[in-house]
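Quick notes on the structure that follows.
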Amino acid sequence: MDTLPLLLALLAGAGLAGGLIVELILQRAVRSGAISPPRMHMQIVIDAPLQRVWEVASDVQRQPEWMHEMKRVEMLTPGPVRVGSRGRATVRIFGISTTDDVVITRLEPPHAFGIRHEGRFTGEGLLEFGAEGDQRTVIRWMEYLRPPLFPMLGGLIQRPILRRIFQADLRTLKEILERP
């Protein structure tokens, strides 16, 4: 009798059970405040006035220019963009494509742009803009994405990778806005 399939099934079951236990421990730790949820925080300073940075960064149709993982975006709610507007993006990371349905949750020109992710990965994102004098703008970006399986464990695993990707997006936005 070939025991390899049985052994593989047992190992897969043990891995799944272990992942579930870790997930439950992490959820309890977050609920109790012992650890914080796996949010990502990025920041950049751009040598351009606040209004110009806002106009480019908050223009949903232009976001694929600087968010390289966003391949396509469309607004599902007729314009203008406002709190409650819905959009859909095709996102590809590591060669894996998914649809990201979003709702605009905060729109305070030129200071804040927030969304709620309602696709396979749920969560929220917030871009906050602040002037540093007349010609410099700081962007603070918080993103919290919960994978469909093991959201806490998956969030902790994906956080350093996605944080680097999103920080690179901000550098691309900076390059676009600082071009002569």
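Bear in mind these aren't lab numbers, they're just calculated from the coordinates by the rules spelled out. Quantities reported herein were computed from a predicted structural model and do not represent experimental measurements. All Cβ positions, glycine included, derive from the backbone under ideal geometry; neighbour counts span all protein chains shown.
Are there any helices in the chain, counted as whole DSSP H runs, that stretch 27 Å or more along their axis by Cα and score at least 1.0 on average by Kyte-Doolittle, and if so which? Walk me through the intermediate numbers first.
Values: long enough: 4-32 (42 Å, 1.53); 151-178 (38 Å, 0.11).
Sorted by number, the helices that extend far enough and score high enough are 4-32.
Within a 10 angstrom radius of the beta carbon, how do K174, K71 rank from fewest other beta carbons to most? Spell out each step's value before the answer.
On the way: K174 19, K71 12.
Lowest to highest Cβ neighbour count: K71, K174.
Give me I104, I176 ranked fewest to most by other Cβ atoms within 10 Å of their Cβ, as a rough exposure proxy. Walk me through the numbers on the way to the answer.
Numbers: I104 20, I176 15.
Going from least to most buried by this count: I176, I104.
Excluding Q63 itself, calculate the net charge of residues whose Cβ lies under 12 Å from the Cβ of Q63, where each Lys or Arg counts +1 and each Asp or Glu counts -1.
Neighbourhood net charge equals -3.
Over the stretch 1-87, what is the mean sequence separation of C-alpha contacts under 8 Å (at least six apart), divided by residue count, expressed as relative contact order in percent? Write out the running numbers ahead of the final one.
Working: 28 pairs, mean separation 9.2, N = 87.
This gives 11 percent for the stretch 1-87.
Cα convex hull of the stretch 37-178: how many Å³ per residue?
Values: hull volume 13.6 nm³, N = 142.
In the stretch 37-178, the Cα hull volume divided by residue count equals 96 Å³.
Among L177, L24, L11, rank each residue by its count of other Cβ atoms within 10 Å, from fewest to most, as a rough exposure measure.
Details: L177 18, L24 13, L11 10.
Arranged by neighbour count, lowest to highest, L177, L24, L11 become L11, L24, L177.
Between E108 and R52, what is the FRET efficiency for a Förster distance of 25 Å, r being their Cβ-Cβ separation, to the nearest 0.05?
On the way: r = 17 Å, r/R0 = 0.68.
The pair E108/R52 has a calculated efficiency of 0.90.
Given a cut-off of under 8 Å on Cα pairs at least six residues apart, what relative contact order in percent is computed for the chain? It would help to have the intermediate numbers written out before the result.
Details: 303 pairs, mean separation 47.1, N = 180.
Once normalised by length, the contact order is 26 percent.
I want to check the label-to-label distance for I25 and A131. Put each point 7 Å from Cα in the C-beta direction and report it in nm to one decimal.
5.0
Given a Förster radius of 45 Å and the C-beta distance between Q61 and L16 as r, what FRET efficiency does 1/(1 + (r/R0)^6) yield to the nearest 0.05?
Values: r = 42 Å, r/R0 = 0.93.
It comes to 0.60.
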